[in-house]
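Have a look at the structure below before the remarks.
The values are calculated or read from the model by the stated rules, or taken from the named source; none is laboratory data. Keep in mind it's a predicted model, so treat the numbers as computed, not measured. Positions of Cβ are backbone-derived with ideal geometry, glycine not excepted, and every protein chain shown enters the neighbour counts.
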Amino acid sequence: MRVRILLGDPESAAVAQRGADEGLHEAMASKIRNALLMYRPLQGVDGIDFRLHDTILYNSIYRADDQLLVNTHIYGFNAAQAPVLHLRKVAGGGMVNHYLDSFERVWDRARELE
């Protein structure tokens, strides 16, 4: 089993901007730091990898096999107020692959958690 967790870098300009846009300001970075603290027991576990990225936070992607939950981000609203799309791979469909390709591009340029 392989688990990859990719979070916005709490020190990045993208996280600061998203916090400001949602009216959360530094609370956005604090939420990420809290998630990292809660994930600490999993750090160093074989098969679980963490990285931080500094790209614009367009959406949150949760994947299990060929199914995705995509929490789209809406300017000025927090994630709890935005829709979640349940997507699955189907023959001839490309939407899931677009999201997976996007994740891979961000993963490849993200930094490993120290």
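Tell me, please, whether a residue that is at pLDDT below 95, touching a helix residue (DSSP H, G or I) at 6+ places or on another chain (Cβ under 6 Å) and under 24 Å from residue 98 (Cα atoms) can be found in the range 16-28. Yes, the range 16-28 contains at least one residue that is at pLDDT below 95, touching a helix residue (DSSP H, G or I) at 6+ places or on another chain (Cβ under 6 Å) and under 24 Å from residue 98 (Cα atoms).
Test residue 1 against the stated conditions and say whether it is surrounded by fewer than 16 Cβ atoms within 10 Å (Cβ to Cβ), out of contact with any helix residue (DSSP H, G or I) (no Cβ under 9 Å at 6 or more places or on another chain) and in contact (Cβ under 8 Å) with a residue 40 or more places away in the chain. So residue 1 fits the description; yes. Within the range 4-40, the set of residues being touching a residue at least 60 places away in the same chain (Cβ under 8 Å) and of a type outside the set (Lys, Arg) comprises 6, 9, 36. What pairs can you find where one residue is in the range 87-114 and more than 28 Å from residue 36 (Cβ to Cβ), the other is surrounded by 15 or more Cβ atoms within 10 Å (Cβ to Cβ), and their Cβ atoms are less than 7 Å apart, with a gap of 6+ or different chains? Matching pairs, first to second residue: 88/96; 89/96; 95/87.
Test residue 91 against the criterion of being within 18 Å of residue 5 (Cβ to Cβ) and exposed (fewer than 12 other Cβ atoms within 10 Å of the Cβ), and give yes or no.
Details: within 18 Å of residue 5 (Cβ to Cβ): no; exposed (fewer than 12 other Cβ atoms within 10 Å of the Cβ): yes.
Considered against the rule, which asks whether it is within 18 Å of residue 5 (Cβ to Cβ) and exposed (fewer than 12 other Cβ atoms within 10 Å of the Cβ), residue 91 comes out as no.
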